[in-house]
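A short write-up of the structure that comes next.
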Amino acid sequence: MATLLRPSADDIRLSTGEALAFIDVATGMPILDGLSCRLVLRRDGQLLGHARVTPSGVHHWPDLAPRWHQPAPVQADVFVRDELGRFLPLSLPWPLPAAPAGQVIGITVRGSARLLQVELLSAPGRVAPPGLASLHGLLIWQADEGAVPWARVRFVDGAGHMVDGASDANGRLTLHLPRPRPDKAGSPPEPAAQLRVFAGAAMVGRAVPDVLGFAAQPEVRALAGIGLDDAYVPPAFQAGEPLILATAGLPSVLRQLRLKTL
């Protein structure tokens, strides 16, 4: 579980109006470098400004005209990208959400400054952080064999470790979580891992998922096998190997996790 950031007084003073801080969902640690935040007017795509970043990783817009910091209907979007390729992109509505939702896991308010803590999810191909194991998948709709973009995925291993992730625009998924502990002689086997997937038409065609629409997707079923309606149960990790999620019964060259709507 991520730990909410405790911003310093300097962070709050520098963060005029609305501000953002980001947390790596895999490690629970603040992300201090490599991120770009652009504020873009929704009606015509006009760039309103690039965020400045404090040494502790707080992104803020001190030069933004005061009117853009006032409560109002959504007029713009913040587009967040990782220039180092570690995390999936996302967008947030501006003014920023009033309450935690989805990847927005906490809000700190001090005076007129408001800081949102936002989790970022691992991008496909990201190298596992030290001490973590990797899980990969390619998410495909069973009905038309199309890729499933920006699906929200929650994986819980037998020890209860939970990690959230998402597929990218091409359906590719990568998660990182604590390495499984070796089995001890005589100890009971751990419960089977669990996998939940949420996906829908709202994310189709989007270059960047918005956090609120992403969080609101309906649950779908990952299929255990072709021609079966049974829910997929992830296999156990093998020592030193990444876990590949795949529906049974497909040709060996197709390692895909097939999904269907409920």
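The values are calculated or read from the model by the stated rules, or taken from the named source; none is laboratory data. From a predicted model like this one, the values you see are computed outputs, not experimental measurements. Positions of Cβ are backbone-derived with ideal geometry, glycine not excepted, and every protein chain shown enters the neighbour counts. What goes into the accessible areas is simple: the full protein's heavy atoms, side chains included, and nothing from ligands, DNA or RNA. Shrake-Rupley method; radii C 1.70, N 1.55, O 1.52, S 1.80 Å.
What the phi angles of segment 19-34 give under the Karplus curve with 6.51, -1.76 and 1.60, with θ = phi - 60°, is a coupling list of 8, 10, 10, 10, 10, 6, 5, 6, 10, x, 9, x, 9, 9, 9, x Hz, glycine and proline written as x. Per residue of the chain, the DSSP helices (runs of n ≥ 4 H) give a summed -39500 (n - 2.57) that works out to -1000 deg cm²/dmol at 222 nm.
Entry note, the chain: relative contact order of 17 percent, from Cα contacts under 8 Å with a spacing of 6+ residues. In this structure the amide hydrogen of residue 90, modeled in the peptide plane, comes within under 5 Å of the amide hydrogens of 80, none closer than 5 places in sequence on its chain. By accessible area, using a 1.4 Å probe on protein heavy atoms only, the chain has 55% of its surface on carbon and sulfur.
For segment 21-71, trypsin sites (Lys or Arg not before Pro) meeting the loop criterion (DSSP other than H, G, I, E, B) and having at most 11 other Cβ atoms within 10 Å: 43. What you get for segment 111-216, charging only the Cβ of Lys and Arg (+1) and of Asp and Glu (-1), is a dipole of about 260 debye around the Cα centre. Evaluating 6.51 cos²θ - 1.76 cosθ + 1.60 at θ = phi - 60° for every residue in segment 102-111, the Karplus couplings come out as x, 7, 7, 9, x, 9, 10, 10, 9, x Hz, glycine and proline recorded as x. Net charge dipole, the chain: roughly 260 debye, given to the nearest 20, about the Cα centre with Cβ charges of +1 for Lys and Arg and -1 for Asp and Glu. In the set (1) 54, 19, 15; (2) 36, 22, 14; (3) 41, 21, 17, the label that goes with semi-axes √(5λ) of the Cα gyration tensor in Å computed for this structure is (2). Selection among 236, 203, 224 by position relative to the dipole of segment 196-256 gives 203 as farthest towards the positive end (Cβ unit charges, Cα centre).
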